[in-house]
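The values are calculated or read from the model by the stated rules, or taken from the named source; none is laboratory data. Since the model is a prediction, treat every value here as computed from it, not as a measurement. So basically every Cβ, Gly included, is an ideal-geometry build from the backbone, and we count neighbours across all protein chains shown.
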Amino acid sequence: MLDFTDKVVLITGSSRGIGRVTAQLFAAQGARVAVHYHSNQAAAEETLRSLDGEGHIIVRGDIAKADEVAALTDHVVTRLGRIDVLVNNAAIYEDHPLADVSYEAWQASWQRVIDTNVLGAANMCFCVARHMIERGGGRIVNVSSRGAFRGEPTGPAYGASKAALNSMSQSLAKYLAPYNISVAVVAPGFVETEMAREALTGQSGIDIRSQSPFNRVARPQEVAYAVLFLASEGAEFMTGAIIDVNGASYLRT
C-alpha cells in the first residue's frame, strides 16, 4: 500500500477527469491535496468534497500565465506549508488540421497549446522545484501522451507539446537529481473521461477501443495509479522514466 500520510500534493487540472481521480487516490493514502482549476470552480469544489481526510484546498490559476503560476504556487505553500509532490496534469487539445484552417487559426492554436502544455508545465516545474530545493527534495510527475510518439495528425501542436514535455522532464530529471527531486512521466493513450466522451461514441469509439488488444481504453484510475507509484517513496530511481499507459495500443521501441 502506498503511503502519502501528511504529504502535500499539488495537482494541476484536478477538477475532473484524470486529475480528479488522482486527487482522490492521493487523499485516500493520507495526502493533503491542492486541487487546481482554471475556470470551473464548481467542478473543483465537487472534487474537494469527494476527497477522504482533511486539510485539502482548491486553488485557481491559468497556468498559461507565468504570474498566475507563481501566485498559485505561493498560495499552496502559504496554506499547506510546503509542496512534496507536483503533478502536472493540466493540458489542452485543439484540432487544427493543416489543410482546413487559416494561417491565423493555425498560429493561434499552436500558441494556445504551447502556452499551456509546455510553458505552463515548465513554469510550474520551476516554481515548485525551487521550493522543493529549499526543503530538501520532492517528486514531480508530468502527464504526457502517446501522441508524443505516434503523432497527432489533426492536432500537431498537441503532439509536439507532449514531446517537448517528455524532453523537458528528462532534462530536469538529470538536473534536479542532486537536489533529491525526481521527475518522471506518465504517457496515457485515450482515457474514459468526459473530455474524450465525444471521440469514444459511435464508430469512432469502436475504432479507438480496437487499437488496444484489451479492446477498451484506459480507466482514469489506471493512469492515476501510475502517477502515485512514480511519486512514492522508493520510486525515485525511476527519475527520467516515461511510463506508457495505453493498453499496448501503441508500442514504441
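Filtering region 42-56 down to residues that are touching a Ser or Thr at 6+ places or on another chain (Cβ under 6 Å) and surrounded by 21 or more Cβ atoms within 10 Å (Cβ to Cβ), which residue is farthest from Leu230 (Cα to Cα)?
Here is the first cut: in region 42-56, the residues touching a Ser or Thr at 6+ places or on another chain (Cβ under 6 Å) are 43-44, 47.
Filter again for surrounded by 21 or more Cβ atoms within 10 Å (Cβ to Cβ), leaving 44, 47.
Details: Ala44: 24, Thr47: 22 Å.
The residue in question is Ala44.
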Quiz prompt | Boolean, Ser39 is more than 23 Å from Val183 (Cβ to Cβ) and surrounded by 22 or more Cβ atoms within 10 Å (Cβ to Cβ) | solution = no
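Go through region 244-253 and give me each residue that's farther than 14 Å from Asn89 by Cβ and buried (at least 18 other Cβ atoms within 10 Å of the Cβ).
Within region 244-253, Asp244, Asn246, Gly247, Ser249 qualify.
Do we find that Gly30 is in contact with a strand residue (DSSP E or B) (Cβ under 7 Å, 6 or more places away or on another chain), touching a residue at least 12 places away in the same chain (Cβ under 8 Å), surrounded by fewer than 16 Cβ atoms within 10 Å (Cβ to Cβ) and of a type in the set (Gly, Ala, Ser) in this structure? Please lay out each step first, then the result.
Values: in contact with a strand residue (DSSP E or B) (Cβ under 7 Å, 6 or more places away or on another chain): no; touching a residue at least 12 places away in the same chain (Cβ under 8 Å): yes; surrounded by fewer than 16 Cβ atoms within 10 Å (Cβ to Cβ): yes; of a type in the set (Gly, Ala, Ser): yes.
The answer is no for Gly30.
For a quick check of your reading: which helices (runs of 4 or more DSSP H) sit entirely within region 52-163 and have at least 1 residues that are modelled with pLDDT of 95 or more and of a type in the set (Ser, Thr, Tyr)?
Numbers: elements: 66-80, 103-114, 121-135, 147-150.
Counting at least 1 such residues, we get 66-80, 103-114.
Inside region 206-236, can you point out the residues that are part of a helix (DSSP H, G or I), more than 19 Å from Leu25 (Cα to Cα) and either among the small types (Gly, Ala, Ser) or free of Cβ contacts under 8 Å to residues at least 24 places away in the same chain (or both)? Don't jump to the end; show me each part of the working.
The initial filter retains those residues of region 206-236 that are part of a helix (DSSP H, G or I), namely 206-209, 220-231, 236.
Going one step further and asking which of them are more than 19 Å from Leu25 (Cα to Cα), we end up with 206-209, 236.
Within region 206-236, Ile206, Asp207, Ile208, Arg209 qualify.
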